[in-house]
1. Every residue in the stretch 119-145 that is surrounded by 13 or more Cβ atoms within 10 Å (Cβ to Cβ) and in contact with a helix residue (DSSP H, G or I) (Cβ under 8 Å, 6 or more places away or on another chain), please.
2. Where residues in the stretch 21-68 are surrounded by fewer than 19 Cβ atoms within 10 Å (Cβ to Cβ) and touching a helix residue (DSSP H, G or I) at 6+ places or on another chain (Cβ under 6 Å), which of them is farthest from residue 96 (Cα to Cα)?
3. So which of 83, 98, 91 is in the same structural domain as residue 125 (by TED's automatic domain parsing), touching a residue at least 12 places away in the same chain (Cβ under 8 Å) and not in a helix (DSSP H, G or I)?
4. If a residue has to be touching a strand residue (DSSP E or B) at 6+ places or on another chain (Cβ under 7 Å) and in a loop (DSSP other than H, G, I, E, B) to count, how many in the stretch 105-121 make the cut?
5. So residue 9 fits all but one of (1) in a helix (DSSP H, G or I); (2) not assigned by TED's automatic domain parsing to the domain that holds residue 111; what number is the exception?
6. Do we find that residue 18 is farther than 19 Å from residue 123 by Cα, modelled with pLDDT of 95 or more and either within 18 Å of the chain's Cα centre (by Cα) or buried (at least 16 other Cβ atoms within 10 Å of the Cβ) (or both) in this structure?
7. Please go through the stretch 59-75 and pick out each residue that is part of a loop (DSSP other than H, G, I, E, B) and within 22 Å of residue 118 (Cβ to Cβ).
8. When the stretch 27-44 is examined, which residues are found to be within 16 Å of residue 80 (Cα to Cα) and without any contact (Cβ under 8 Å) to a residue 24 or more places away in the chain?
């Protein structure tokens, strides 16, 4: 299903220089192939995508899919819930993991897990750092007040 780039110095190897004869087979064995379902076209083909040998995860990019559906930001819309459920069902039917992302609301993420999602993307690195910095700043301002 394509080719992974050849690089070295991954965190998997503690950033050590590992000979490609060792690193490539290890990285190939550890690769996870995640197919993002972020368009109506992707959703229409999710069962066929799920049937592809080598695919490990079907992952709904909820925010992007909502924009593609013409419903930006409407995370509680029945259409996105139905789309997520369709992806979860396709993944389950083909022995794949089902993933949900593109929605940072913890309650909605928990509900998706209850409905069968097993792989959840929650936030970006910078988002986590910004949130922590904001919390710390608010705490300092409160302490100084």
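The values are calculated or read from the model by the stated rules, or taken from the named source; none is laboratory data. Everything quoted here is computed from the prediction, not taken from an experiment. Positions of Cβ are backbone-derived with ideal geometry, glycine not excepted, and every protein chain shown enters the neighbour counts.
1. Once the filter is applied, which keeps residues that are surrounded by 13 or more Cβ atoms within 10 Å (Cβ to Cβ) and in contact with a helix residue (DSSP H, G or I) (Cβ under 8 Å, 6 or more places away or on another chain), the stretch 119-145 yields 120, 122.
2. Among residues in the stretch 21-68 that are surrounded by fewer than 19 Cβ atoms within 10 Å (Cβ to Cβ) and touching a helix residue (DSSP H, G or I) at 6+ places or on another chain (Cβ under 6 Å), the one farthest from residue 96 (Cα to Cα) is 68.
3. Criteria check complete, one pass: 98.
4. Here the count works out to 4.
5. It fails just one condition, (1).
6. Against the criterion (farther than 19 Å from residue 123 by Cα, modelled with pLDDT of 95 or more and either within 18 Å of the chain's Cα centre (by Cα) or buried (at least 16 other Cβ atoms within 10 Å of the Cβ) (or both)), residue 18 does not qualify.
7. 75, the sole residue that qualifies.
8. Selection gives 41, 42, 44.
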